[in-house]
Amino acid sequence: MDKVPKIRIAEILVESSPTPFWGILKQIGVDEATGILPRWYPDWRQWRVDNPWDYASLSNYKRMIEESGFKLTVIEDNPPMDKIIYGLPGKEEQLENVAKLIENMGKLRIPIWCYNWIPDGWLRTKTALAGRGGALVSGFDEDDLKDAPPPKLGKIDKATLWKNLREFLNFILPIAEDSDVKLAIHPDDPPLDEIRGVARIMNSVEAFDKLIEEFPSEYNGITFDHSIFSLMTDDLISVVRHFLEKGRIFFVHFREVKGNKGKFEEVFIDEGVTRQFEEMREYIKHGFYGPFRVDHTPTLLGDTMQLSVPGYSILGRIHAIGYLQGLFRAAAESLGYYQ
C-alpha cells in the first residue's frame, strides 16, 4: 500500500487570540487551522489602520496561529459581499476587497477560501433545542418564518443570483489562479429553493455540477458539508464519490442532522443517519485526507464556553473530533492500511 494516511483536521479557530482550547486541540492531534478574518486592532479606539483582509492584518493573524503550532490552511470568512450577491451599487468596492483577500492569501500561502452565495446567510430558527441527554442543539423549521417579510435587502430570484455568481467568478477566478488559492463554495444552509422571498441556488447536486461545468478551472470547487448534502440526496456515498472523481472537493464540514430540508435538527455526530464509514472510505480511496473540520456540534452540560453562535462550544467539538479521527482510522484499516 501507499504511505499510511493521516487525517488532516483543520479545526476552526473563532477566537481572536490563543486560548486554552487551542492547546487542547494540539493535544488531541489537530495540526491545521481554519481561520476567520482578524477581528482585533491595535488601537483601542478601533481606528482601523488596516482592514482585516489587508496584508498586515492577515499576516499577523497567520503568524499568531503558526506560533500556536498550527498551519493555517483555510480562511472561512470574507469581506462584506452583500452588494456583490445582490448586484447593488457599491459592488465594485466589495469586489476589490475580495480580490485583495485572495491576493494576500496567495502571498501568505493560505491555500483555500471557503465562501458561500447565500443572500441572507445560513439560518436557524431555534438555537436551544433539547438534544440527547439535554445537550443544546440548533434547528430549522421553515414554518417559523412563513409569515416573515423579506429581509432588509429585499427579494431576489434565482436567475439574478446565477447571473451575479457568474460575474463574480469571471472576475475572481483568474485572480485565484494567479494567487494559487482554491475557491470552495459552501452549499446553501438550509438547501431550500426560497426563504422569505429570497431564492437560493446552491441547493442541489445538479447546481454544483452546473457550476463546475460552467467554470472548469481547477481552482473552482466545493466545501462539502455532509449534513447539507445529506438533505439533497438519498445516496450520499455516490455524491461524495462523484465530486471526488471530479477533483472538486477542496474542504469538508463533517456533521449530521436529522430531518428534511424544511425541518431539521443538529445532532451528535454519532447519531447521524448517513453511512459515514462508506463515505470516509471514498475519501481515502480517492486520496483525499482533508482538510476536514467538525461543525455545529451540540453544547454539552457544563460547557461554559458556549459562544454567541450556536454549535461552536468546546466539549462538543472535542467529542466530534475524536469520533472523526476514529472513523478515518477504521476506514483506512478496512482498506488495508496499518497492516
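For this structure, a couple of remarks:
- With contacts taken as Cα pairs under 8 Å and at least 6 residues apart, the range 32-150 reaches a relative contact order of 21 percent.
- Segments 141-151, 285-295, 231-241 sorted - mean Cβ within 10 Å per residue, highest first: 285-295, 231-241, 141-151
- Spatial separation of Cα centroids for the range 103-171 and the range 247-306, in angstrom: 18
- DSSP beta bridges fully contained in the chain are about 35 percent antiparallel.
- Over the chain, Cα pairs under 8 Å with separation of 6+ residues give a relative contact order of 17 percent.
- 222 nm mean residue ellipticity, helices alone, for the chain (DSSP H n ≥ 4; -39,500 (n - 2.57); rounded to 500): -11000 deg cm²/dmol
- Percent RCO, i.e. relative contact order, over the range 112-172, from Cα pairs under 8 Å lying at least 6 residues apart: 23
- Taking 28 Å as the limit for the C-alpha separation, the pairs LYS62/LYS285; LYS62/LYS100; LYS146/LYS210; LYS71/LYS91; LYS100/LYS258 exceed it in the case of LYS62/LYS285; LYS146/LYS210; LYS71/LYS91; LYS100/LYS258.
- A convex hull fitted around the alpha carbon atoms of the range 69-109 yields 64 Å³ per residue.
- Globularity index of the range 113-180, i.e. its alpha-carbon radius of gyration over 2.2 N^0.38 Å: 1.62
- Computed Kirkwood radius, in angstrom, where 1/r is averaged over Cα pairs of the range 78-201: 16.2
- Cα shape, the chain, gyration tensor, a/c 1.5 rule: rounded
- Shape category assigned to the range 195-339 from the gyration tensor of Cα positions, a/c cut at 1.5: oblate
- Accessible area of the chain divided out per residue, in Å², using a probe of 1.4 angstrom: 45
- Based on the Kirkwood approach, the hydrodynamic radius assigned to the range 148-246 is 14.6 Å, with every pair of different Cα atoms included.
The values are calculated or read from the model by the stated rules, or taken from the named source; none is laboratory data. From a predicted model like this one, the values you see are computed outputs, not experimental measurements. Note that each Cβ is placed from the backbone with ideal geometry, even for glycine, and that neighbours are counted across all protein chains shown. These accessible areas exclude ligands, DNA and RNA; they are computed on the full protein's heavy atoms, side chains included. Shrake-Rupley method; radii C 1.70, N 1.55, O 1.52, S 1.80 Å.
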